[in-house]
Amino acid sequence: MVKFSKQLQGQLVPEWKSAYCNYWQLKKILKQVKLQWEKEGVDCPARSPRRLLNSPLRSFGHLTRRRGNSWAQNDMIMVHCRTETDEQEDIYETELFEPIAEAENEKAFFSILDAELNKINKFFKRKEEEYIKRSQALEKQMKILKEMRRMLVQQTGGTSLVFQDPSRSRKEAERSVHASKIQDTEFPYLNQDSEEKSIREHVVANKNELENPQKFVHSIQVTGQPDSLPIYNHIKINIPLTTPAMAIATLSEVLQGESNNFLKNDTNGKDDILVSRKKVHQAEKMLRMAYVEFYRGLSLLKSYSSLNMVAFAKIMKKYEKVTGRNASVTYLRVVEGSYFNSSDQVVKLMDKIEALFTGHFTKDNRRQAMTYLRPTPQKASHNVTFFLGLFTGCVLSLFAAFAMIVRISEGYISAQASQSEQRKYMETIFPVFSMLSLILLHMYMYGWNVYAWRHVRINYAFIFEFAPRSELRYREILLLCTGLSTIVVGGMVTHLVAYSKAKASPYVDLIPLAVLMVFVSVLVCPFNLFYRSSRFFFLRSMQHIILSPLYKVVLADFFLADQLASQVPTLRSMEYITCYYVGGHFKHRDFHACTRGRHYKHLAYIISLMPYWFRIMQCFRRWIDENDRAHIANGGKYLSAMIAVAVKLTYGEAQSVVWMVMLVITSTVATIYQMYWDLVVDWGLLQPNSSNPWLRDRLILKRKSIYVVSMVLNGVLRLAWLQSVTHLQFGDLDTQITDFIFASLEVLRRGHWNFYRIENEHLNNVGKYRAVKTVPLPFGDMEEYEV
């Protein structure tokens, strides 16, 4: 049986951990009580014979008490409740009687217990108020959307726009007008909104005129009522840019000074109002996402209440067991009646959202609605574990075979073989396999990151905004890595054997290309195979990175762009491989053809600087959106890196003292800039006034020395550019192998950086109790206008 402390640790919301009952601290105090009695040689007070009948867990079963199980008459505590007039909150204080009043540890226990109860009540009430306000905003948004739907029905000849089924009949559309009357009972908050009610009555009263949308709109404008529909002229929709065409169109609208209006004028130049079907459909999807996230937040708050109630019951049962005093029944009666456990606002809101979502988004299909609102968790499959072990064994066996073949063949990776056929192997084939190996190494590091984040309860899925309960776990990631590694190492062995036996045939070099095509095919496969949702999420983020000035930047996008900045050698290899195979140079094994000429040098600059340019554009966009100068400083970091990389490429060609000095200066400035940003901004460390000297106030890892070692390691790996100046080589290894080793070190550094970057982001969410995503509402700021 799992201990409750572990159960609580596994089920609590990580971002709200500090707001939960501190069950672990209370257990420590009870342990001190027990040790003190053992030290003093005092026997545990006699347990009441009614203890089993009045067990707190027995009465807590369904939060009801059976007849015959009356409350204890000899309680040793009394809980007082007073209400603070300023904040209208109940404050609980426990009065202790002898012999509890004489025990210091027990007095500390109840003091902390009261503090935890007051903390939980305060947090729950504050969150509940936030959700009630959010509910009111969502209800108003739904009202606007319903009116837009009706207008769209009339202007399109009776075709309604309903999520997932835009082909509702005319008859159903007419019934939706009358359904607005029922809305008064569904939304009590909107009953107080006279303008909203007036619009509904006006729409129903002019039902006959709805047959002619132009006449209907004109009649409303003539009336001059303050609650008339022309108010929608001022409503704007925050449409997410999901396609390049939408992004470019939005940019052109901004440049031309056009508003992103929900309504558009007639093509004939008249003043009549017509609804944009596409934008209404986008608004409907945005509102659906907002309701899903809102419902998820309500579910978390409901779980928060029940878990804390169980925590109080468990700790009081443990108190009874340790002390034998009959105090738990009285205290649990107060806890059961406290606000966080007795309030039913959350349950009512959840029921209301379920009914609304079912009616408006799934055509009364409750089962489909619950699929959206309560997605089922992924089930662990034993097949994943089996194939993970199988592919791991295949990779190790094939790699051992490759090493033996290289040894028997007198080595293809020796610098002494530069004038032989083995040199061609290193120049033409090794870039393909080294590029794929760097990609796989990065994937392995991400799998390790996911394992570490889950182990320390970092909510990475929420931070990256993955679809609820559909993110890849570390086993699935490692399964994909080992499967692709088997293909890569198998291709290496196959090609090396074929190359040794048929050196004259250039078509042997197509084997690495086939392996590369397998990678590309797995990535872009349109079928629901190989974790399609995760692959498409990656491709969508790549699209956002390439068009970064046009898209609003989210964490997943700039996080992935940072990964690209550590994969510059991979991008350079892609450039070479494309030239070598597409240009047909593999037929003659002319590896110099793709490294000669001015165009190659220019392309090398573009490819190497491109990841940093993407990040600069993202920083610029974030500065525009958030008006935070810190993003300008972050962009300066990538600008310094661009300069250092450009100087490094120039020094590689010129090999002069002047350019070497320039390389040292620019690389030193960029390294210091990057190290400061890594440690202080991205990791949140090196805080001089922190409770943990030169770290930060909150640390997830228990050992502080790990953070110190990590900072030193990050700094050492940041100095890999010194290899360009010192021309460091490892024995007689080929330069291609040396470059691959240093590129691998950068990938390892990035994987190491990833853990602390997401840890810091998680702690920022914890500080703000941010556990669910706040989806932007489609109709802008509701405070700007009232419906």
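The values are calculated or read from the model by the stated rules, or taken from the named source; none is laboratory data. Predicted, not measured: the structure shown is a model, and the values here were computed from it. Neighbour counts are summed over all protein chains in view; Cβ atoms, including those assigned to glycine, are modelled from backbone coordinates with ideal geometry.
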**Asked** Taking the range 578-616 on its own, how many of its residues are under 30 Å from LYS637 (Cβ atoms) and in contact (Cβ under 8 Å) with a residue 24 or more places away in the chain?
**Response** 14
**Asked** In the range 550-572, which residues are touching a Lys or Arg at 6+ places or on another chain (Cβ under 8 Å) and β-branched (Val, Ile, Thr)?
**Response** VAL553
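Quickly run through the range 315-360 and pick out the residues that are of a type in the set (Lys, Arg) and either closer than 23 Å to ILE132 by Cβ or at pLDDT 95 or above (or both).
Going residue by residue through the range 315-360, those that are of a type in the set (Lys, Arg) are 317-318, 321, 325, 333, 348, 352.
Listed by number, the residues that qualify are LYS348, LYS352.
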**Request:** Provide a single number: the residues in the range 627-683 that are within 20 Å of HIS602 (Cβ to Cβ), among the small types (Gly, Ala, Ser) and touching a residue at least 24 places away in the same chain (Cβ under 8 Å).
**Result:** 4
**Asked** Residues of the range 683-721 being part of a helix (DSSP H, G or I) and surrounded by 15 or more Cβ atoms within 10 Å (Cβ to Cβ), which ones?
**Response** TYR707, SER710, MET711, ASN714, GLY715, LEU717, ARG718, ALA720, TRP721
**Message:** For the range 325-355, give me each residue that is part of a loop (DSSP other than H, G, I, E, B) and either crowded, with 17+ Cβ neighbours inside 10 Å or not polar (S, T, N, Q) (or both).
**Reply:** ARG325, ASN326, ALA327, SER338, ASP344
**Complete:** In the range 360-390, anything farther than 27 Å from LEU287 by Cβ and part of a helix (DSSP H, G or I) is listed as HIS382, ASN383, VAL384, THR385, PHE386, PHE387, LEU388, GLY389, LEU390
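Residue-wise test of (1) aromatic (Phe, Trp, Tyr); (2) touching a Phe, Trp or Tyr at 6+ places or on another chain (Cβ under 7 Å).
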position	(1), (2)
SER505	no, no
PHE527	yes, no
HIS544	no, yes
ARG572	no, no
ILE607	no, no
GLN618	no, yes
**Prompt:** Of the residues SER710, SER744, SER724, which is farther than 19 Å from LEU679 by Cα, modelled with pLDDT of 90 or more and not aromatic (Phe, Trp, Tyr)?
**Reply:** SER744
**Request:** Could you please give the count of residues in the range 676-694 that are at negative phi, of a type outside the set (Ser, Thr, Tyr) and more than 25 Å from the chain's Cα centre (by Cα)?
**Result:** 5
**Message:** Just to be sure before I move on: is SER573 of a type in the set (Gly, Ala, Ser), in contact (Cβ under 8 Å) with a residue 60 or more places away in the chain and within 30 Å of SER505 (Cα to Cα) in the structure I sent?
**Reply:** yes
**Asked** Is there any pair with a first residue in the range 502-517 that is assigned by TED's automatic domain parsing to the domain that holds TYR581 and a second that is at pLDDT below 75 and not polar (S, T, N, Q) whose Cβ atoms are under 8 Å apart and which are 6 or more apart or on different chains, and what are they?
**Response** LYS503/GLU421; VAL508/ALA502
**Fill in**
In the range 119-157, residues that are surrounded by fewer than 16 Cβ atoms within 10 Å (Cβ to Cβ) and either among the aliphatic types (A, V, I, L, M) or in contact with a strand residue (DSSP E or B) (Cβ under 7 Å, 6 or more places away or on another chain) (or both) total 1
**Complete:** All-but-one check, SER573 against (1) in contact with a Ser or Thr (Cβ under 7 Å, 6 or more places away or on another chain); (2) surrounded by fewer than 18 Cβ atoms within 10 Å (Cβ to Cβ), failing number (2)
**Message:** Please determine whether any residue of the range 636-651 is farther than 17 Å from ARG572 by Cα, assigned by TED's automatic domain parsing to the domain that holds ILE665 and in contact with an Asp or Glu (Cβ under 9 Å, 6 or more places away or on another chain).
**Reply:** no
**Request:** Kindly indicate whether LEU564 is crowded, with 20+ Cβ neighbours inside 10 Å, part of a helix (DSSP H, G or I) and over 17 Å from the mean Cα position of the chain (by Cα).
**Result:** no
**Request:** Residues being within 20 Å of ALA369 (Cα to Cα), among the aliphatic types (A, V, I, L, M) and modelled with pLDDT under 80: count how many of those fall in the range 124-175.
**Result:** 2
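Okay, residues lined up against (1) within 39 Å of the chain's Cα centre (by Cα); (2) surrounded by fewer than 18 Cβ atoms within 10 Å (Cβ to Cβ):
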| residue | (1), (2) |
| --- | --- |
| THR482 | yes, no |
| THR486 | yes, no |
| VAL489 | yes, no |
| TYR499 | no, no |
| SER505 | no, yes |
| ASP509 | no, no |
| LEU516 | yes, no |
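Looking at the structure I just gave you, is CYS594 modelled with pLDDT under 90, surrounded by 17 or more Cβ atoms within 10 Å (Cβ to Cβ) and either in contact with a strand residue (DSSP E or B) (Cβ under 8 Å, 6 or more places away or on another chain) or in the same structural domain as ALA670 (by TED's automatic domain parsing) (or both)?
Judged against the criteria, CYS594 is a match.
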**Prompt:** Considering only residues of the range 531-541 that are crowded, with 16+ Cβ neighbours inside 10 Å and not hydroxyl-bearing (Ser, Thr, Tyr), which is nearest to HIS585 (Cα to Cα)?
**Reply:** ARG535
**the range 357-380, residues that are polar (S, T, N, Q) and within 24 Å of the chain's Cα centre (by Cα)** = THR371, THR376, GLN378
